[in-house]
Structures are given as C-alpha cells and as structure tokens.
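Only one structure is covered here, and it is reproduced in the block below.
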Amino acid sequence: MQKIGFIGLGIMGNSMCLNLLKAGFPVTAWNRTRVKMQSVIDAGAQAAASPQQVAENAEIIITMVSDSPDVQEVILGDAGVIKGVKSGSVVIDMSTISPAVTRDIAAELGKKGVAMLDAPVSGGDSGARNATLAIMVGGEAKVLERCMPVFMAMGKTVTHVGVNGMGQTVKLCNQILVSVTNMAVCEAILFARKSGVEPQVMIEAVKNGAAGSWQLSNLGPKMVAGDFNPGFMIDLQQKDLRLALETALVTCTPLPATDLVHQLFDDCQAHDEGRLGSQALFKALLRLAGE
Ligand code: NAP
C-alpha cells in the first residue's frame with residue numbers, strides 16, 4: 001500500500017485520517033497544534049515534526065487546512081512539503097481554497113516532478129466521519145487513477161472535473177448552490193410565519209415536491225426551532241463565498257444572489273454569530289423584518 005502523509009487534523013482532517021488508517025494505509029501525520037495529533041497516533045499513525053518530515057516519509061501527501069494562505073504555508077513555506085517531497089510523489093489538497101492559488105501551487109510542485117490534485121470535499125463532518133464524502137477532483141486523470149484507493153477510503157463519490165483548479169471551482173459552485181438555497185429557505189419560512197402559516201407545516205407540505213432540498217429538510221426545521229448550533233459554521237461558509245466572489249471578479253461573472261447572501265452573512269458576523277451554523281442566516285433576515 002502506498003505511504004500516506006496527512007497534514008491538518010481539524011474537524012474534517014482528523015476523521016479522514018482515521019478512515020485512511022482504518023483502511024490499512026500507513027500514515028505519517030502532522031498538525032500545527034500538536035495535541036490534536038493524539039487520536040490518530042492512538043489509531044496507529046506516525047507523528048511527524050513538520051510538513052517537510054511528512055513529505056519525506058510519504059508517497060501521497062494530503063493537506064486539509066483552512067484557507068489559501070494556509071495551504072501555501074504547509075506546502076511551499078519553510079519546513080513545508082516542497083522541502084521534503086520526492087519526485088514522483090503526489091500532493092492532494094482537500095481543503096477548500098482559491099482555484100488560482102491552487103494552479104500556482106501545482107506549478108511550483110511540478111517544477112520538482114511532483115503532481116498535484118485539488119480534491120475539495122462536500123458532505124460535512126458527518127461525511128468525513130462516515131467516509132461518505134463527495135470528492136471533486138482537478139488534475140491529471142492518470143494521477144487520479146493512482147490515488148483512487150486513497151479517495152475511496154474517505155469518500156463515496158469521486159468525480160474528475162478537469163485540470164488543476166477545476167476541483168476547487170466545482171466546490172465553489174457547490175457553495176453557491178447551498179448558500180443561495182439556504183436564503184430561499186429563510187425567505188419561505190419568514191413569509192409563512194408573517195402570513196400566519198405554521199412554518200413547520202409549510203416545510204412538511206412542500207419538501208417532497210419541486211421545492212424540496214437538503215437545506216429545506218435539514219436547515220429549515222432548525223430555523224423554525226431556533227437551533228443555530230453549527231453543522232457548517234458561518235465563518236467557513238463566508239470564506240467559501242469570498243473565494244467564489246473573488247473568482248467571479250476575475251472571470252467577469254455576475255453572482256448577484258451569492259453577493260446578497262455574503263452581505264447578509266456579513267451582518268451575522270457583525271453580530272458575533274460567525275461561529276453559529278449557516279442556518280443562522282435566518283437571524284439576519286429576522287433583523288431586516290424588525291424582529
Ligand atoms: P478546522 O477544524 O478549523 O481545521 C483546520 C485545520 O487546519 C486545523 O488542523 C488547523 O491546525 C489547520 N491549519 C489552519 N491554518 C494552518 C496553518 N497556517 N498552518 C498549519 N495548519 C493550519 O476546519 P475543518 O472544518 O476541518 O475544515 C478544513 C477544510 O475543509 C477547510 O478548507 C473547509 O472549508 C473545508 N471543509 C469543511 C467542511 C466542514 O463541514 N467542516 C466541509 C467541507 C469542506 P490547528 O489545529 O493548529 O488550528
């Protein structure tokens with residue numbers, strides 16, 4: 001089995017790394033905050049002292065950190081992957097970051113004979129835990145083929161969507177879809193309530209018809225119940241919408257609905273709600289309604 005390196009053991013990375021160990025892959029792991037490495041060490045991973053050391057001990061190196069500068073740091077920075085990686089290895093970035101930054105990193109790795117795949121995921125923390133993630137992959141088909149057993153240990157669907165950067169682009173499409181749909185759910189619930197219809201009854205009436213969506217079935221009842229605990233945090237959602245809007249500027253693409261949701265999430269963040277779940281978008285709408 002190919003030797004795996006894993007960098008970034010947060011909510012997502014920890015579960016994904018555990019699933020690789022469960023599938024029998026030898027894993028060398030690193031996390032900036034060392035205490036978060038314990039659960040994967042207990043499950044059989046070797047601990048590394050730096051991303052460089054991870055790369056020295058692996059043929060396929062996975063990164064799962066927060067944002068574009070963080071991926072640049074762990075791959076291209078001092079003691080980064082690029083300092084230890086061997087020619088012929090593959091780097092897979094599974095974080096959600098900028099498509100443009102992804103292409104730059106792939107070019108730098110390419111100079112060392114190292115292939116890169118951008119492979120962001122959808123499915124949330126439960127998808128990471130249950131190895132049911134949807135994985136969208138940018139990069140060369142033959143590199144993806146080599147990495148397929150690794151992906152199948154972490155996810156259920158793996159889709160090759162194009163060259164480097166396109167995996168991230170498709171992930172941003174995913175984020176446009178979920179956030180604009182979330183907004184529609186907020187509006188329908190508020191409209192029902194203001195008109196005297198019990199919102200949960202409205203949800204039950206329409207959820208199996210043409211208006212049905214994951215957001216309506218899962219986030220809608222939470223909005224109605226006032227449960228704003230995070231599944232997917234507003235701060236992370238905002239990062240993804242920022243990436244989509246920045247990319248849209250470069251490609252002269254109008255994204256008016258995405259922009260609106262981004263501004264309403266700004267309002268949530270200004271009210272110290274960034275760590276609430278994305279269904280707390282409803283709170284911004286309630287404020288507009290004077291409630
Ligand atoms: P998280 O729990 O906040 O974990 C972030 C990880 O990145 C931590 O291990 C953190 O290390 C590490 N990190 C951040 N900046 C770093 C830096 N500059 N150098 C080294 N390590 C750094 O986040 P998450 O929920 O696992 O999300 C990870 C990625 O997956 C993000 O791009 C996110 O958008 C994406 N994603 C998340 C979900 C979700 O439902 N959570 C779903 C799909 C995709 P420390 O422990 O030291 O802070």
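The values are calculated or read from the model by the stated rules, or taken from the named source; none is laboratory data. Model, not experiment: these values are computed from the prediction. No Cβ is skipped: glycine too gets one built from the backbone with ideal geometry, and neighbour counts run over all protein chains shown. Protein only, heavy atoms only, side chains kept; ligands, DNA and RNA dropped before computing areas. Shrake-Rupley method; radii C 1.70, N 1.55, O 1.52, S 1.80 Å.
Points worth noting:
- Positive-end residue of VAL185, PRO26, ASN164, charge dipole of the chain with Cβ unit charges: PRO26
- Put a plus charge on the Cβ of each Lys and Arg, a minus charge on the Cβ of each Asp and Glu, and nothing anywhere else: the dipole of region 4-163 about its Cα centre is then about 280 debye.
- Phi-based couplings in Hz for region 31-43 (Karplus 6.51, -1.76, 1.60; Gly and Pro marked x): 9, 4, 8, 5, 4, 6, 7, 4, 5, 7, 5, 4, 8
- Other residues within the sphere of radius under 12 Å centred on the Cβ of CYS186, judged by their own Cβ, net out at +3 (K and R +1, D and E -1).
- By DSSP, the beta bridges lying fully in the chain are antiparallel in about 15 percent of cases.
- Kyte-Doolittle mean at least -0.5, axial Cα span of 20 Å or more - DSSP H helices of the chain: 166-194, 234-250, 256-270
- Cα-centred dipole magnitude for the chain, charges only on beta-carbon of K, R (+1) and D, E (-1), debye, nearest 20: 640 debye
- Candidates VAL137, VAL206, VAL161: whichever shows maximal mean-square fluctuation once the chain is modelled as a Gaussian network with Cα springs under 10 Å: VAL206
- Amide H contacts of PHE6 (H built 1.01 Å from N, under 5 Å, at least 5 apart or other chain): THR28, ALA29, TRP30, ILE62
- Per residue accessible area of the chain, 1.4 Å probe, in Å²: 45 Å²
- With a threshold of 22 Å on the Cα-Cα distance, the over-threshold entries among LYS239/LYS283; LYS22/LYS171; LYS86/LYS239 are LYS22/LYS171; LYS86/LYS239.
- Space enclosed by the convex hull of the alpha-carbon atoms of the chain, per residue, Å³: 136 Å³
- For region 73-158, the share of accessible area belonging to carbon and sulfur comes to 53 percent (1.4 Å probe, ligands and nucleic acids excluded).
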